[in-house]
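*Asks:* Take this structure first; my questions come after.
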Amino acid sequence: MKRIFLIIIALGFIFSMNAQKVGAKIGLNLSGVNTDVDLQSYETSELLAGLNGGFVFDFTPKKVGIRIEALYSQKGYKVTADTKLIDGTTDVKTDFSLNLDYIEIPILLKLKFGPAYLTAGPYFAYAVQGNEIVTMTTDVGELAESQVEDEGQIPYNDIFKDGEFNGDDITFDRTDFGLNVGLGAEFMMFFAEARYGVGLTDINDYNDVDSDNFTKNYTITFSAGMMFGR
């Protein structure tokens, strides 16, 4: 985590040298994935909540300009399966949560309309860490990690360190590229905005099959912050 913040601070220093305004923001990510992988008995249970925050650099002298950000952004997805334990009789609810922590650089065109503004442009992201957390729950309660392993699942998986992802030969790509569009409003030195981001690159690859399946990030972000400068 310390390394993440050091990288963001270094990027912030580089961008701030020529920015008209410099600021900071913090917000909430609600993320999932667009995929054509057959999930069979799995279904998306809810959007995965995560943190989004970092530095903002504004190069907007009048109505049109550029906005660059250096962010820490948590993304991923959450799915649920309703199945039975190995004994074949006990119902179990299995929650899979994939958590990806990115350093993200959005480069956005900014159009101002009075206090309101629109932003649109690409983002470039690199995942510094990622893990999968699996929990299994029956009518009696949540299973212990050893019981989850006995059911053929891995309770906690470092997706970039382990050779296999939950028993499947899947490689996760640390890089992500996509597009952002957003709407915001400014009041004095403060701002608030909502943004939608869609990934254009596949974040994983099934190595053991010849497949055209894709899995791509998407994120809804709500954030607020403050700006300093001219």
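The values are calculated or read from the model by the stated rules, or taken from the named source; none is laboratory data. Just so it is clear, the model here is predicted, and its values are computed rather than measured. When we count neighbours, we look across all protein chains shown, and the Cβ atoms used for this are built from the backbone with ideal geometry, even at glycine.
*Asks:* If you check Glu145, Glu149, Glu132, Glu164, which single one turns out to be touching a Phe, Trp or Tyr at 6+ places or on another chain (Cβ under 7 Å) and modelled with pLDDT under 85? Walk me through how you get there before you give the answer.
*Replies:* Numbers: Glu145 fails: touching a Phe, Trp or Tyr at 6+ places or on another chain (Cβ under 7 Å); Glu149 fails: touching a Phe, Trp or Tyr at 6+ places or on another chain (Cβ under 7 Å); Glu164 fails: touching a Phe, Trp or Tyr at 6+ places or on another chain (Cβ under 7 Å).
Matching residue, one of Glu145, Glu149, Glu132, Glu164: Glu132.
*Asks:* Consider Asp176 carefully, then state whether it is part of a strand (DSSP E or B), surrounded by 16 or more Cβ atoms within 10 Å (Cβ to Cβ) and not hydroxyl-bearing (Ser, Thr, Tyr).
*Replies:* Judged against the criteria, Asp176 is a match.
*Asks:* I'd like to verify a number: residues in region 47-86 that are closer than 21 Å to Phe124 by Cβ and either of a type in the set (Asp, Glu) or free of Cβ contacts under 8 Å to residues at least 24 places away in the same chain (or both), how many?
*Replies:* 2
*Asks:* Taking Glu132 as meeting all but one of (1) among the acidic types (Asp, Glu); (2) assigned to a strand (DSSP E or B); (3) more than 15 Å from the chain's Cα centre (by Cα), write down the number of the exception.
*Replies:* Unmet for Glu132, out of (1) among the acidic types (Asp, Glu); (2) assigned to a strand (DSSP E or B); (3) more than 15 Å from the chain's Cα centre (by Cα): (3).
*Asks:* Determine whether region 95-116 contains at least one residue that is in a strand (DSSP E or B), of a type in the set (Ser, Thr, Tyr) and more than 15 Å from the chain's Cα centre (by Cα). Give the derivation first.
*Replies:* Start the filter on region 95-116 by keeping residues that are in a strand (DSSP E or B), which leaves 95-113, 116.
With the extra rule that they be of a type in the set (Ser, Thr, Tyr), the set shrinks to 97, 102.
Narrowing further to those that are more than 15 Å from the chain's Cα centre (by Cα): none.
The answer is no, given that none of the residues of region 95-116 is in a strand (DSSP E or B), of a type in the set (Ser, Thr, Tyr) and more than 15 Å from the chain's Cα centre (by Cα).
*Asks:* Which residue, of Phe124, Phe113, is surrounded by fewer than 18 Cβ atoms within 10 Å (Cβ to Cβ) and under 25 Å from Thr201 (Cα atoms)?
*Replies:* Sole residue among the options that is surrounded by fewer than 18 Cβ atoms within 10 Å (Cβ to Cβ) and under 25 Å from Thr201 (Cα atoms): Phe124.
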